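Since the structure comes first, as structure tokens, the remarks are kept for the end.
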Amino acid sequence: MQIAHTVEVDLDHQQAIDAVTAALAEQGFGVLTTIDIKATLAAKLGEQIDDYTILGACNPRLAHAALSASPEVGLLLPCNVTVRRAEGRTLIQAVDPGTLLGIAAGDQAELADTAADAGKRLRTALDSLA
């Protein structure tokens, strides 16, 4: 079971955020939330970490289909995409919706298909950056 798809890019942190946001848009996703983990941990705990941002990505059509099949799926939305620095590299990771939604999917083929579609779109967006 793989929880994320990861690509490494030769971009600085903000360039990577901009690039993945544009790539997600090409796949029908908008970014609903942007959480600057580095700034939050510095402000709240005085801790210093490498650049780390969580983007909450949502494809409205897919979200509607998933919520229609199982309202509890809202607990797992939006799809998280991270942009982070690690050992001098910029990594972009997208959650695998199939893995997460599998928790709620049960025997609901409609939900599994929606999760697979979302996963394919997220992988395509990230792969376009590599």
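The values are calculated or read from the model by the stated rules, or taken from the named source; none is laboratory data. Owing to the predicted nature of the structure, the values given are computational and were not obtained by experimental measurement. Cβ sites come from the backbone with ideal geometry, for glycine too, and all protein chains shown count toward neighbours. Heavy atoms of the whole protein, side chains included, go into the accessibility calculation; ligands, DNA and RNA do not. Shrake-Rupley method; radii C 1.70, N 1.55, O 1.52, S 1.80 Å.
If a residue must be open to solvent by 40 Å² or more (accessible area, probe 1.4 Å) and of a type in the set (A, V, I, L, M), how many such residues does the stretch 76-90 contain?
Adding up the residues that qualify gives 2.
I need the full set of residues from the stretch 53-75 which are closer than 22 Å to Ala23 by Cβ and open to solvent by less than 70 Å² (accessible area, probe 1.4 Å), in order please.
Listed by number, the residues that qualify are Thr53, Ile54, Leu55, Gly56, Ala57, Cys58, Asn59, Leu62, Ala63, Ala65, Ala66.
If a residue has to be in a helix (DSSP H, G or I), under 24 Å from Leu77 (Cβ atoms) and open to solvent by less than 40 Å² (accessible area, probe 1.4 Å) to count, how many in the stretch 1-32 make the cut? Can you show your working first?
First pass over the stretch 1-32, keeping only residues in a helix (DSSP H, G or I): 13-26.
Narrowing further to those that are under 24 Å from Leu77 (Cβ atoms): 16-26.
This time we only want the ones that are open to solvent by less than 40 Å² (accessible area, probe 1.4 Å), so: 16-17, 19-20, 23-24.
The number of residues fulfilling the criteria is 6.
If Glu26 satisfies all but one of (1) closer than 24 Å to Ala130 by Cα; (2) of a type outside the set (A, V, I, L, M); (3) touching a residue at least 12 places away in the same chain (Cβ under 8 Å); (4) out of contact with any helix residue (DSSP H, G or I) (no Cβ under 8 Å at 6 or more places or on another chain), what's the number of the condition it fails?
(4)
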